[in-house]
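This report refers to the structure that appears directly beneath it.
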There are 2 protein chains.
Amino acid sequence: MIQTPYLLFLGDAPDQLSAKVAQGIKDWRPDHAVGQFRMDGCKADLGLADMTLAQAKAAGAKTLVIGVANRGGVISAAWKKVLVQALEEGFDLASGLHNLLRDEEDLAAVAKACGRELHDVRVPSVEYPIADGVKRSGKRCLAVGTDCSVGKMYTALAMDKEMKARGLKSSFRATGQTGILITGNGIPLDAVVADFMAGSVEWITPDNDDDHWDMIEGQGSLFHVSFSGVTMALIHGGQPDALILCHEPTRDHMRGLPGYALPSLETLRDTALPLAQVANPACQVVGISVNTQHMSQEEALEYLAGVEARLGLPAVDPFRQGAARLVDALAAI
Amino acid sequence: MIQTPYLLFLGDAPDQLSAKVAQGIKDWRPDHAVGQFRMDGCKADLGLADMTLAQAKAAGAKTLVIGVANRGGVISAAWKKVLVQALEEGFDLASGLHNLLRDEEDLAAVAKACGRELHDVRVPSVEYPIADGVKRSGKRCLAVGTDCSVGKMYTALAMDKEMKARGLKSSFRATGQTGILITGNGIPLDAVVADFMAGSVEWITPDNDDDHWDMIEGQGSLFHVSFSGVTMALIHGGQPDALILCHEPTRDHMRGLPGYALPSLETLRDTALPLAQVANPACQVVGISVNTQHMSQEEALEYLAGVEARLGLPAVDPFRQGAARLVDALAAI
């Protein structure tokens, strides 16, 4: 569990896009973001107050989160200077970088001396159990995709936000590094050892109130040959009551796999649902989330209407239209 | 790659069953087994020559393989004495125990001093790539099961043996610890990190001659909620041309999952085949392997005839009947 709220470290971000982790935190958990820390030459700006470490500390920030991708895959000397000072001033550090904080001897030594935590969210920090498949109380919704990177995290976050806005009980359950940094906890599923994947998903979606929904962040795709095993573990470990089908209609092949066509939404439905029903016979497909960012408004609406007619389920782009109709569909089951 | 041939270490095995790894090596790779090493009180016997370390060395053995489960999960002082001596006499050590050889400081130190290798086959020793899904040359057969532990390894080994007996090109591709010790190499798939599972399967089944078959050892089951992700990675990483369906008809629930019924062979076929065709559109289900150990000969034959009539595919118990008809089915595609 990462202590909130955060000071978002943007470092010397070369552009706005490189700060997308920080942007995600600011967009989805604004209460977690007390301010931003920018170094000379930083080209990203979240529109938050620029703060020194001391100012952020005074404003209540507990953890400095590295919200930016590092250049060349290494933590630079310039970054290091800020990170060491942050530890000395009482901040924990959290990072999703490949270059682990714990592998930097100076950071590890200073953290130990100051009694601070280093959170490397890319690697598991828990010994997960093997999944036992026992039915858990509460309800769970999982986004499954025709491909990787089609908007599964966005969909789950948008539904969680809509649930909370309606005063309903909901928890976004992060299964990847950005999601973990946004919410402060979760499982780095792609880094979990094979035998414990489904068990880690059970662990992050425990027994809950009967009217509580876990909005589980999906990963990969049953049709993406590099990562389908991860998706399978989510479908069985998550025991979803509801599936949301996610799609990006303009892609001409599976991400990173030239020659592999995307499946249709019908094929995704007919593949994912029976597999989900192994763990939860009551599971239903309740809605469709389409990422229409590469379509005009008109094209998008026409496409969504066509999908809705074909599949007989609400089809929306939650970025353009919000997730209200997807949440309505949950309420109906 | 573990150096062969082996001296099979049975230690103080409490019974024959506890030496099943050694038994597997002796049954499937008799050329790898120059002799057995038994300590006082050993209750297992493979029918091999009992040898001292010196005798085994003289007979050409290169690796001492721990072919027995250890009591209490620890490498005992009595075992340790033999293992240290073996290293000193020039043997490598290989083990599938949870208690890793490398974690024993004395063994690690002696191995280093003597320039010998410690092979802990339960943990990966290779940095596997992420799967790229590129079509590979050669052919591949994968056994998939209605449940865990229904005879998938046995089936692949029996088919590999039959292929070789016919002078055909075949390699058994181990994906679990027993299989790795039997053949001397393979991947400990259940211990591979999620993102690299399918890539490890691609790695162990590389490009090959057009008329060469990899007989890939299956793991888990698409219907076993604890381990289905591992099975999914095998189906996509393995790019099988042929699937063999494996089943144990007397089980009343999935192994370790009370309340979970086994799927029918038809459901397994209809689930596994479309998923396999994502990675290899030419994949076919070619035969059925049934573990009839809990049935009489008469019951078994009746059951097999019924399955064969229902599914229109050869159905055999390779333990009772050999794998000839399964290999015939491969030859037909």
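Bear in mind these aren't lab numbers, they're just calculated from the coordinates by the rules spelled out. Predicted, not measured: the structure shown is a model, and the values here were computed from it. With ideal geometry, Cβ positions are generated from the backbone for all residues, glycine too; neighbour counts draw on all protein chains shown.
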Globularity index of segment A:90-134, i.e. its alpha-carbon radius of gyration over 2.2 N^0.38 Å:
1.47
Give the average, rounded to an integer, of partner chain Cβ atoms located within 10 angstrom of each Cβ in B:127-138.
3
How high is the FRET efficiency between B:Lys20 and A:His253 when r is their beta carbon distance and R₀ equals 45 Å, given to the nearest 0.05?
0.50
In nm, the gap between the two label points placed 7 Å beyond Cα toward Cβ at B:Ser137 and A:Ala54 is 7.0
By the DSSP-based rule, helices of chain A that are at least 27 Å long along the axis (C-alpha) and have a mean Kyte score of at least 0.0 are none
Length-normalised contact order of segment A:6-120 in % [C-alpha pairs under 8 Å, at least 6 apart]
26
Taking H as built 1.01 Å from N, whose amide H comes closer than 5 Å to the amide H of A:Cys148, not counting residues under 5 places away?
A:Arg255
In nm, spacing of pseudo-spin labels at A:Ser149 and A:Asp31 (7 Å Cα→C-beta vector)
3.3
Can you put A:Met159, B:Met51, B:Met254, B:Met1 in order, fewest other beta carbons within 10 Å first?
B:Met1, B:Met51, B:Met254, A:Met159
With runs of 4+ DSSP H residues as the only contributors, calculate the mean residue ellipticity of chain B at 222 nm using -39,500 (n - 2.57) per run, divided by the residue total and rounded to the nearest 500.
-10500 deg cm²/dmol
Radius of gyration and Dmax over the Cα atoms of segment A:6-120, both given in Å:
12.8, 35
If you wrap a convex hull around the alpha carbons of segment B:231-296, what volume per residue comes out, as a whole number of Å³?
97
Taking Cα centroids, how far is segment A:1-66 from segment A:90-105 in Å?
15
For segment B:164-230, count all C-alpha to C-alpha pairs, find those more than 13 Å apart, and express that count as a whole percent of the total.
66
Could you order the peptides B:270-277, A:239-246 from most to least packed, using the average number of other C-beta atoms within 10 Å per residue?
A:239-246, B:270-277
R0 = 56 Å: FRET efficiency of B:Ala324 with A:Lys80, Cβ-based, nearest 0.05?
0.30
Additional length obtainable on full extension of the chain from B:Ile333 to B:His294, 0.36 nm per residue less Cα span
10.8 nm
Trypsin sites (Lys or Arg not before Pro) within segment B:148-213, DSSP loop, no more than 16 other Cβ atoms inside 10 Å
B:Arg166
Highest GNM mean-square fluctuation, chain A, Cα pairs closer than 10 Å: which of A:Asp45, A:Asp209, A:Asp92?
A:Asp209
Charge-dipole axis of the protein assembly as shown as Lys and Arg at +1 and Asp and Glu at -1 on Cβ define it, positive-most pick from A:Met159, B:Val327, A:Leu265
A:Met159
Counted neighbours (other Cβ, 10 Å), sorted fewest up, put B:Ile75, B:Ile235, A:Ile182 in the order B:Ile75, A:Ile182, B:Ile235
Greater than 22 Å separation of Cα atoms is the criterion. Which listed pairs, A:Lys20/A:Lys112; B:Lys43/B:Lys112; A:Lys20/A:Lys43; B:Lys20/B:Lys152; A:Lys135/A:Lys161; A:Lys62/A:Lys112, meet it?
A:Lys20/A:Lys112; B:Lys43/B:Lys112; A:Lys135/A:Lys161
Largest-first ellipsoid semi-axes for chain B, taking √(5λ) over the Cα gyration tensor eigenvalues, angstrom:
35, 22, 19
Fluctuation leader among A:Ala309, A:Ala323, A:Ala158 - chain A, Gaussian network, Cα springs under 10 angstrom:
A:Ala309
Neighbour net charge for B:Gly133 - beta-carbon separation under 12 angstrom, K R +1, D E -1:
+1
Please rank A:Leu7, A:Leu107, fewest neighbouring Cβ atoms within 10 Å first, as an exposure proxy.
A:Leu107, A:Leu7
Rg to Rh quotient for segment B:217-333, alpha carbon positions, Kirkwood Rh
0.96
Label distances, nm, B:Ala324 versus same residue in remaining copies, Cβ-directed 7 Å point:
7.2
Report, as an integer, the average count of C-beta atoms from other chains found within 10 Å of each Cβ along B:185-195.
5
Among A:Asp120, A:Asp50, A:Asp147, determine the one that fluctuates most according to a GNM of chain A built with springs between C-alpha atoms less than 10 Å apart.
A:Asp50
Give the whole-number value, in cubic angstrom per residue, of the convex hull volume spanned by the C-alpha atoms of segment A:139-332.
113
Net charge contributed by nearby residues that have their C-beta within less than 10 Å of B:Thr175 (K/R +1, D/E -1)
0
Please compute, for peptide B:271-278, the average count of beta-carbon atoms on other protein chains lying within 10 Å of each residue's beta-carbon.
3
Tell me, what is the percent relative contact order of chain B, built from C-alpha pairs under 8 Å that lie six or more residues apart?
15
A:Asp207 label points, 7 Å along Cα→Cβ, one per copy: pairwise distances from this copy to the rest in nm, shortest first?
5.6
Alpha-carbon Debye profile of the protein assembly as shown, log10 I(q)/I(0) at 0.10 Å⁻¹
-1.01
